[in-house]
1. Could you pull out every residue, at least 5 positions away or on a different chain, whose amide H is within less than 5 Å of the one on I143? Hs are placed 1.01 Å off N in the peptide plane, and Pro or chain starts have none.
2. Roughly how many Å² is the accessible area per residue of the range 42-84, as a whole number, for a 1.4 Å probe?
3. So, with a 1.4 angstrom probe, what is the percent of accessible area on the range 23-128 that is carbon and sulfur?
4. Mind checking the full-extension length gain between N85 and K131? Use 0.36 nm per residue of separation minus the Cα-Cα distance, one decimal, nm.
5. Measure up K62/K150; K42/K136; K62/K137; K88/K136; K76/K150 against 31 Å on the Cα-Cα distance and list the ones that go over.
6. Determine which lysines satisfy two conditions relative to K131: a Cα distance under 18 Å, and not lying fewer than 8 residues away in the same chain.
Amino acid sequence: GWLRGQLYCFSSNSGGGKTSLAVMITTALISGCNPLYDESNKQDPQNVLYINLEQDETEIEKRIISCLSAFNNVEKAIPYSDMMNPSKLSGNENLLVATQVYRLFSDRVKILNTEDFPSLDVDDICDAISKQTMKKKYGIVIIDQNQNIKDSDLIQERNATRLRHLAK
């Protein structure tokens, strides 16, 4: 499980599945369901603050809907690549259901992207996170594409310390 007040970083090559993992974690937390477990392991839904420093809100929402489409039947899951091609989805009943389910949970996820920050400096990002967490309690804050934080390769420890402080 996750320990409160800790900073967890996932890294891999481009295309290695970091965003997919972040979206799966987000989907499980906002829905209170983990499709890997039966009903006896159901958890309380959590609010998630999801910051993506590369893709816009619509892209992340499509990824969450794609993930939700697998909950009832993995074989009918809609691949994210199909979500980007509306002609493949025409009349897809599973898409309609997954979209309705997302609407039920959408108040539990706040998605921010680069347009929501004055700059990609760690201080501006932390200030925005602080403002959001004053408005609502979040079970987890996910920063996806943290390598896009200004000077992140030069000041990793400073960034980590500042971000870890927000987790407490």
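The values are calculated or read from the model by the stated rules, or taken from the named source; none is laboratory data. This is a predicted model, so every value here is computed, not measured. Only protein heavy atoms, including side chains, enter the accessible area calculation; ligands, DNA and RNA are left aside. Shrake-Rupley method; radii C 1.70, N 1.55, O 1.52, S 1.80 Å.
1. Those qualifying (amide H under 5 Å, at least 5 residues apart or on another chain) are I51.
2. 52 Å²
3. Of the solvent-accessible surface of the range 23-128, carbon and sulfur hold 46 percent.
4. Numbers: separation 46, 0.36 × 46 = 16.56 nm, distance 3.55 nm.
Full extension of this stretch gives 13.0 nm more.
5. Violating the 31 Å Cα-Cα cut-off are K88/K136; K76/K150.
6. Within the straight-line limit of under 18 Å, K131 reaches these lysines: K110, K168.
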